[in-house]
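Taking it in order: structure first as C-alpha cells, then the write-up.
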Amino acid sequence: MYTLKQQEKQARRGEFLTPHGAIQTPAFMNVATAGAIKGGISAYDLKKLHCQVQLCNTYHLHLRPSDTRIQRLGGVHRFTGWEGPILTDSGGFQVFSLAPLRKIREEGVYFASHIDGCRIFMGPEESMKIQSNLGSTIAMAFDECVENPAPYDYVKASVERTVRWLLRCKRQMDHCNQSEGTLNPRQMLFGINQGGTYDDLRADNMRRIAEIPMDGYAIGGLAVGESKEEMYHIMDVVVPHMPQDKPRYLMGVGKPGNIIEAVSRGIDLFDCVMPSRNARHGHLFTWQGVLNLNNRRYEEDMLPIDPHCGCPACRHHSRAYIRHLLKAHELLAMRLCVQHNLYFYNTLMERIRESIEQGSFASFKNQYVDLLDTRI
RNA sequence: GUGGAUAUAGCUCAGUUGGUUAGAGUGCCAGGUUGUGGCCCUGGAGGUCGUCGGUUCGAACCCGAUUAUCCACC
C-alpha cells in the first residue's frame, strides 16, 4: 500500500508498505545483482549505509545458483541475510543487454547464457515462477527494453507485445501467490511502461497499463541511448498518466542530477548501477561534485573522500590511503568506495525526502541538480 | 677462458629485401560509464632503437669494436 504523505508541486514524499517493511519514498534501491552488492558488501553492512531496499536479479540468480535452490534454502531474504524489502528485476533487461544469440517470439525469448552458453527460454510465466521461487518482495514484469533510438514500427510492435506479456505476468503471479507453499503469498508485481522516444506510444502504453491493477508502475527503456533532455521529456509525457496512489519507479536511473529531476517530475523509486560500478573504479560522488580518486592530485591528500560525509570510509580513512589501495588493487579499496557511494545515494534520498517535507525541495533542487554531477 | 644468443617506451615484446613522423600490449596521466560480466570505451604523455665508430643518398635493420645480461662448453 502506498500512502502519499506530502507533496511539493509534482515531487512526492510517500510511504510504501510491503510485507517486508515500509519504504520511505523517494528511495534508491541498492543493486545486488547476484545476491550481493558488488565490492564486498554484506547484508549486515546495508543498515549502516542507510539502505532501505535491495535489488536482486532474476536472470542472474536463475542461472546461478538457480531459483529452485534458493527456494529450497528458504528464499532470497534468508539466503542473502537481508530481511528488508527486495525487488527482483524480471530478467527482461539482462536478456536484451547480456545474452548473445537471442530470439524474441510471442511466447518469450530464446537466448544463450552468458555464463556457459547454455540455451535458455524465458517468457512472462517463467519469469514470474522464478521470482516467486526467489520470494522477493516486489517482482517486475517481463518486458522488452528497446535501445534508443529504434524505428517507430519496431517499438510499436514491441510495446504491444510487452502489454500482452504484462497480462500474462499478472495472471501467472496471481496463480503463484495462491499456490500452496509459496514463500511470499503477498508478492507484489509492478508493470513497466515502454515506448522508446515516441510520445504517443509512451502515453498510450501508460494509459493502457494503468488500467491493469498492479502494485506499482515503472518507466523502463530510458537512459538507454537517448539524450538527457529526451529522457526528461518522456517522463513529462508519461507521469501524468501514472496512477497517483501507486509507487512510480524509474528503472536504471541515474546520476544524482537525474534523480533530482525525476523526483521533481513525480518519481518515487530508483535504481542504478552507477554508484556501485563507478565506486569500484574510484569514481566517487560527494556533496561538492564527482571526483576520481585515481587522480594524482589525491596522492598525499589526507582529507576524507567527502568532509561532509558520515560513511565508514569517510569516518576512518583518507583519500591518499584509499587511492593507494585502488592503485594496489586491494579489495578494501572497492569496499570502502562502494560503501561511500551507496551511503551518499541513500543520504541524497533522505535529504530529498526532508526537503519535500519542509517544502524546500525547489531550493534543494536549485542548489544541487547541476552541482552533484559536476567533476571536481 | 672459448663459442653462441640477446639488447627497441617504466615492464613484456613486434618491427618486411635498409626508405616519410619507430609500433602493440601492459603500466602511467586524464575523460566517459544510467533495470551490473570486478568490466568496457575514448584520448594523452613517454623511446639518442645498449655505447662508439664505419658502409650508404638514407641505418633499429648491414659491418667492426666495446659494454651488459643469459646459455653451452673448457
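If you go through the range A:331-369 and keep only what is among the aromatic types (Phe, Trp, Tyr) and under 20 Å from the mean Cα position of the chain (by Cα), you end up with A:343, A:344, A:345. Close Cβ contacts (under 6 Å, 6 or more residues apart or on different chains) running from residues in the range A:351-376 that are within 29 Å of residue A:282 (Cβ to Cβ) and modelled with pLDDT of 95 or more to residues that are β-branched (Val, Ile, Thr) and part of a helix (DSSP H, G or I) comprise A:352/A:263; A:365/A:260; A:369/A:260.
Just one of the listed residues (A:266, A:225, A:257) is touching a residue at least 40 places away in the same chain (Cβ under 8 Å) and closer than 18 Å to residue A:196 by Cβ, namely A:225. Taking the range A:140-160 as the range and being of a type in the set (D, E, K, R), buried (at least 16 other Cβ atoms within 10 Å of the Cβ) and either within 12 Å of RNA strand B (Cβ to nearest atom) or within 23 Å of the chain's Cα centre (by Cα) (or both) as the test, the residues that pass are A:143, A:144. Scanning the range A:71-91 for residues that are over 15 Å from the mean Cα position of the chain (by Cα) and either within 14 Å of residue A:54 (Cβ to Cβ) or assigned to a loop (DSSP other than H, G, I, E, B) (or both) yields a total of 12. Going by what's in this entry, would residue A:136 be described as polar (S, T, N, Q), in a loop (DSSP other than H, G, I, E, B), surrounded by 12 or more Cβ atoms within 10 Å (Cβ to Cβ) and more than 12 Å from RNA strand B (Cβ to nearest atom)? Taking the combined requirement at face value, the residue satisfies it. Taken over the range A:350-376, residues that are assigned to a helix (DSSP H, G or I) and within 15 Å of RNA strand B (Cβ to nearest atom) amount to 3. Filtering the range A:191-217 to residues that are away from RNA strand B (no atom under 16 Å from the Cβ) and of a type outside the set (A, V, I, L, M) leaves A:199, A:200, A:204, A:207, A:208, A:211, A:213.
Considering only helices (runs of 4 or more DSSP H) fully contained in the range A:225-340, which possess at least 1 residues that are away from RNA strand B (no atom under 11 Å from the Cβ)? Result: A:228-238, A:256-264, A:312-316, A:319-327.
The values are calculated or read from the model by the stated rules, or taken from the named source; none is laboratory data. Keep in mind that what you see is a predicted model, and the values were worked out from it rather than measured. Using ideal geometry, Cβ is built from the backbone for each residue, glycine included, and neighbour counts are taken over all protein chains shown.
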